[in-house]
1. Can you say whether S94 is in a helix (DSSP H, G or I), touching a Gly at 6+ places or on another chain (Cβ under 9 Å) and either β-branched (V, I, T) or within 28 Å of Y56 (Cα to Cα) (or both), as far as the supplied structure shows?
2. Within segment 48-74, how many residues turn out to be in contact with a Gly (Cβ under 6 Å, 6 or more places away or on another chain) and aliphatic (A, V, I, L, M)?
3. How many residues, within segment 18-36, are under 22 Å from L152 (Cα atoms) and either at pLDDT 90 or above or not hydrophobic (A, V, I, L, M, F, W, C) (or both)?
4. For residues in segment 95-115 being surrounded by fewer than 16 Cβ atoms within 10 Å (Cβ to Cβ) and of a type outside the set (D, E), which is nearest to A180 (Cα to Cα)?
5. Restricting to segment 93-125, name every residue that is among the acidic types (D, E), in contact (Cβ under 8 Å) with a residue 24 or more places away in the chain and touching a helix residue (DSSP H, G or I) at 6+ places or on another chain (Cβ under 7 Å).
6. Scan segment 126-136 and give yes if some residue there is without any contact (Cβ under 8 Å) to a residue 12 or more places away in the chain, surrounded by 15 or more Cβ atoms within 10 Å (Cβ to Cβ) and either of a type outside the set (G, A, S) or farther than 25 Å from N86 by Cβ (or both), otherwise no.
Amino acid sequence: MKKINTVFILMIISLFFSCSEKKKDDYSKIIELLKLNQYDVAFTKLEKYKNSDEKYLYLGVYYAYKKDFKQADESYKKGLKINPKNIKICINSSVLLVTQERYQEAKRNLLECEKIDSKNPTVQFYLAVLDDIIGNDSDVLDRLSKIDTSELTGKEYEKLGVISEKHDKKTLAIKFYDYAIIKYREEKDFNSVTKLFEKVIKGKKRNSVQLQRD
């Protein structure tokens, strides 16, 4: 089985750093430290916080960054024991399995996340990615057809576009690339906007020619 790009894995692990919801015990400071890659400073502060599912979420992120997968897994398990419905911990614990190429286990874990929130676009995104890695083509296409929100990132929408192209779903690919362009503009990643814009224009022209032939 092919490996996931390392950058993509790190993107998944750090998924929740930019959450806007208010945190108990001032977790917003921890989020900012993690975004600045000040992991050890964040860890020192976290050690002083009272036990909570959020504390173990970010401890898990810290240990995952350090590639201490055993400690990361234990942190996530402690967090889920406190709050079994914490979707962020559920997804991150699944990603931890992906980083170790334990793809089937990761999918089973994500299916448990789906039980917590069946409409969560992030869960659906990662299930689609995992099914693509594993080679479950019919499941991939089913997942792709269900993802139609504006809640993902530019990189995530671009990834879905790549997967759609791989499975010869060109119209679907263009839709995801269009979403990616919108998100990249919001994220001020204009290099990615330019690259994808050219790709989308070419794709739309090819589709137009095909329709005229049909």
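The values are calculated or read from the model by the stated rules, or taken from the named source; none is laboratory data. Note that the structure is a prediction, hence the values are computed from the model and not measured. A quick note on method: Cβ atoms are made from the backbone with ideal geometry, for glycine too, and the neighbour counts reach across all protein chains shown.
1. Here the answer is no, as S94 does not meet what is asked.
2. Looking only at that region, the number is 2.
3. Here the count works out to 8.
4. Within segment 95-115, the match that is nearest to A180 (Cα to Cα) is L111.
5. Once the filter is applied, which keeps residues that are among the acidic types (D, E), in contact (Cβ under 8 Å) with a residue 24 or more places away in the chain and touching a helix residue (DSSP H, G or I) at 6+ places or on another chain (Cβ under 7 Å), segment 93-125 yields only D117.
6. Yes - at least one qualifying residue is present in segment 126-136.
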